[in-house]
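Colleague: The structure's right below; bear with me while I get my questions together.
Derivation of every value follows stated rules applied to the coordinates shown; laboratory data play no part. Fair warning: this is a prediction, and the values are worked out from it, not measured in the lab. Note that each Cβ is placed from the backbone with ideal geometry, even for glycine, and that neighbours are counted across all protein chains shown.
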Amino acid sequence: MPRSHLIKPLLDGEYAEVDYGKGIYIYDVEGKEYLDACSGAVTANIGHGRSEVIQAMQNQAEKIAFVYRSQFTSKAAEELASWLSEKSDGHLNSAFFVNSGSEATETAIKIALQYWLEKGMPKKTKVISRWMSYHGITMGALSMSGHPARREKFSSILEDWPVFEPPYCYRCPYGKEYPSCQLHCASYLETIIKRLGEENIACIIVEPVIGAAGGAITPPEGYYKKIKALCDKYDILFVADEVMTGCGRTGKMLALDHWGVKPDIAALGKGLGAGYAPIAAAVVSDKVMKPIWDGTKSIMSGHTFSANPLSCATALAVLKLIDEEKWMDMVEEKGQYLDASLQKLSKQFNFIGEIRGKGLLIGLEFVKDCVTKESFSPGGAFTHKVVSAANENGLLLYPAASGIDGRSGDAVIIAPPINITKREIDELVRRLRKTFESLEKNHVESGDEHEETI
């Protein structure tokens, strides 16, 4: 086999070569079909090969594919920013376009820090985030991330921003139960704020539904209202990392909409371009923009491809298609249908510990013992077995961390394109059942450790 010059996630891993995609399916060069049950990295929200988006890309490319944002604006970028403002009910009225989710979360934090500088409060520089979180792989984004496995190689140069526990009801960090806990995990944030000093804290950043670091951990009702109330009480900006959860994935434009909470800044990505072009965004409220408008009139951030017209035209086509087809309106019903099918599977396979999530962002946490919630051996070996077995059965799943320490558990995310049909959901579940049957047949307790990869 000839040497590959491409650096892959595992240098010695074997990866099928993709040929093409159509709808929820991907085909490799050998002709094997894969049902994309995780939209790649929870990205391909409308599936593959949509002619409407491809045509919009071609139309823009024929005009111009690139301009530098310091020299030109473009109709595509202006229209996309306006569309996002409209869909946030006029709350997030300003958009800063970048290329990836990591850039979007970093830009959001830079804007938060600049907000306080422009207001004459330069001491407010501290960022607060949660354990069991993932905000990106660049150094700033990784500093926000409470993902131990992804931090460890760089821990000596990362900021210690993760300081509070996640709303992980299945394995409550405080040994409590909802609702008798009275949302202790949210209330305890006040103690942390007092310790650090409100005069030092710029913002808090959270994933509304925890993705890669927790397998779709979803908070109980009232959690985000309490977090936002604490932010308001202590004059701290509330930043939502909606890179994975936004753009219709949970059935709303922003997942926070489910809880009636509005962020001061939100980061979008993944589903914004739905995999057709690299694009992400930090979308900002008028409250945050005002002192910058009144002050320096410039946000100190940007990248060569920021507000790229080809990417913006692509994202606009994606979002308009979701709107026209009313796919977002159908997510809740499809999510419930998928959840019901997965609940039936959990009665057949006792290594399914919990099924959780919102809309079509669903997590399965695996355990050795459903009663004690004992995990399999640490290191994600069982997750690797599940993902590999699914791949063999033509099913793509997204691996996720879990466990109270963010290391010791096993989970996967199921997040198919939001325009999946019920018949296709049935096929997804059929392939998942076949995967679980093969795991039982091959004795799920055995196997080698396998290092987690991104």
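Colleague: Which net charge results for the neighbourhood of Ser82, defined as the other residues with beta-carbon distances under 14 angstrom from its beta-carbon, given Lys and Arg at +1 and Asp and Glu at -1?
Modeller: Taking every Cβ under 14 Å from that of Ser82, the sum is -2.
Colleague: Sticking with this structure for a sec: Between Asp28 and His303, what FRET efficiency follows from the Cβ-Cβ distance if R0 is 25 Å, with the result rounded to 0.05?
Modeller: The pair Asp28/His303 has a calculated efficiency of 0.15.
Colleague: To the nearest Å, what is the center-to-center distance of the range 1-76 and the range 123-153, using C-alpha atoms only?
Modeller: Here the two parts' Cα centres lie 28 Å apart.
Colleague: Can you tell me the mean projection area, over all orientations, of the convex hull of the chain's alpha carbons? Units nm², please.
Modeller: Projected area, direction-averaged: 22.1 nm².
Colleague: Oh, and also: I'd like the Kirkwood hydrodynamic radius of the range 1-40, using the inverse of the mean 1/r over distinct C-alpha pairs, in Å.
Modeller: Final number for the Kirkwood radius of the range 1-40 is 11.7 Å.
Colleague: If you don't mind, there's one more thing I want to ask. The range 355-422 to the range 161-194: how many Å between their Cα centroids?
Modeller: If we compute the Cα centre of each part, the gap is 23 Å.
Colleague: Okay, moving on. How would the range 218-366 be classified by its alpha-carbon gyration tensor: rounded, prolate or oblate, with rounded meaning a/c under 1.5 and the a/b versus b/c comparison settling the rest?
Modeller: Because a/c hits 1.5 or more and a/b fails to exceed b/c, the range 218-366 counts as oblate.
Colleague: What does DSSP give for the chain in terms of the percent of beta bridges that are antiparallel, rounded to the nearest 5?
Modeller: Among the beta bridges of the chain, antiparallel pairing accounts for roughly 70 percent.
Colleague: Mind checking the alpha-carbon convex hull of the range 333-383 and giving the volume per residue in Å³?
Modeller: Here the figure is 74 Å³ per residue.
Colleague: Compute log10 of I(q)/I(0) for the range 40-178 with the Debye formula, placing one identical point scatterer on every Cα and leaving out solvent, at q = 0.13, 0.16 Å⁻¹, to two decimals.
Modeller: Ignoring solvent entirely, the Cα scatterers give -0.87, -1.14.
Colleague: If you split all Cα-Cα distances of the range 60-109 into 10 Å bins from zero, what percentages do you get per bin, shortest first?
Modeller: 21, 46, 30, 2
Colleague: With the crude spin-label approximation of a point 7 Å out along Cα→Cβ, what separation in nm comes out for Tyr68 versus Ala229?
Modeller: 5.1 nm
Colleague: I'd like the distance separating the alpha-carbon centroids of the range 313-333 and the range 232-298, in whole Å.
Modeller: Using only Cα atoms, the two centres lie 18 Å from each other.
Colleague: Obtain the nm distance between the two label points defined at His5 and Ile54 by a simple spin-label model: each point lies 7 Å from its Cα along the Cα-to-C-beta direction.
Modeller: Here the answer is 2.9 nm between the modelled labels.
Colleague: Any idea how many Lys pairs in the range 105-221 come in under 25 angstrom at the alpha carbon, given 8 or more places apart or on separate chains?
Modeller: Taking the range 105-221 as the scope, the lysine pair count is 12.
Colleague: Label Glu14 and Arg430 with points 7 Å out from Cα along Cα→Cβ: what is the distance between them in nm?
Modeller: Between Glu14 and Arg430, the label points sit 2.7 nm apart.
Colleague: Same structure, new question: Give the residue from Tyr178, Gly251, Ala240 lying farthest towards the positive end of the charge dipole for the range 175-255; charges sit on Cβ (+1 for Lys and Arg, -1 for Asp and Glu) and the dipole is referred to the Cα centre.
Modeller: Final value for the positive-end residue is Tyr178.
Colleague: Counting each DSSP H run of 4 or more residues in the chain as -39500 (n - 2.57), what helix-only mean residue ellipticity at 222 nm follows after dividing by all residues, to the nearest 500 deg cm²/dmol?
Modeller: -11000 deg cm²/dmol
Colleague: What ranking do Lys287, Lys441 get, fewest neighbouring Cβ atoms within 10 angstrom at the top?
Modeller: Ascending number of Cβ neighbours within 10 Å: Lys441, Lys287.
Colleague: Let me ask something additional. Taking neighbour counts of Cβ atoms within 10 Å as a proxy for exposure, in what order, fewest first, do His384, His303, His48 appear?
Modeller: If I rank by nearby Cβ atoms, fewest first, I get His303, His384, His48.
Colleague: Extension gain Ser377-Met121, at 0.36 nm per residue separation less the Cα-Cα distance, in nm?
Modeller: 87.4 nm
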